[in-house]
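The values are calculated or read from the model by the stated rules, or taken from the named source; none is laboratory data. Please read these numbers as outputs of a predicted model, since none were measured by experiment. We place every Cβ from the backbone using ideal geometry, glycine too, and count neighbours over all the protein chains shown. We work out accessible area using only protein heavy atoms, side chains counted, and drop any ligands, DNA or RNA first. Shrake-Rupley method; radii C 1.70, N 1.55, O 1.52, S 1.80 Å.
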Amino acid sequence: MLVLLAGIFVVHIATVIMLFVSTIANVWMVSDDTKTSVGLWKNCTGGNCDGALSYANEDALKAVQAFMILSIIFSVISLVVFVFQLFTMEKGNRFFLSGATMLVCWLCIMVGVSIYTHHYASGYGNLYMKSHHGYSFILTWICFCFSFIIGILYLVLRKK
């Protein structure tokens, strides 16, 4: 049981780190023609990330930014609640609160990435018709899967 709890804890920490990296890194879309990448915050050309996004004032991008920040917050809260429940909860109880908080994180990731995919990932909104997904976009979908698995495991897991 201790090994299972330690494994879930390590995966949860990795998910928090990957969410943080994917949110702040400006590599959500990468142009095939030029050395340009686009993120949630800035436009990077040739390693210089001083360019502002042409669609920075759109509500869809602000929603994606907000949901990604909320997902980080809920993931960290879930981790803290898990550690707190680990030491204070009676034997035989479930980690219901940490699981529910992690599933809210999962929902925030799903909404944020779905909005980004719909509005910007097709090349329509980012001015680069020949582009592919960057590592931040892929990391976010990996965090989507991990947060769902962790949330379900917390809800099912009993402290023995």
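Brief remarks follow.
- Taking the chain as a Gaussian network of alpha-carbon nodes connected by springs under 10 Å, the highest mean-square fluctuation of the residues 105, 49, 143 belongs to 49.
- GNM top mover of 78, 114, 98 - the chain, alpha-carbon springs below 10 Å: 114
- Judged by a Cβ-Cβ distance under 4.7 Å, the unpaired cysteines of the chain are 105, 108, 143, 145.
- Within the accessible area of the chain (1.4 Å probe), percent carbon and sulfur: 72 percent
- 1.4 Å probe accessible area per residue over the chain, in Å²: 53 Å²
- Candidate values [x] 10.5; [y] 8.1; [z] 9.4, label of the one derived for mean projected area of the Cα convex hull in nm²: [z]
- Dipole orientation for the chain: of the candidates 43, 16, 156, 156 has the Cα lying most toward the positive pole (charges on Cβ; Lys, Arg +1; Asp, Glu -1).
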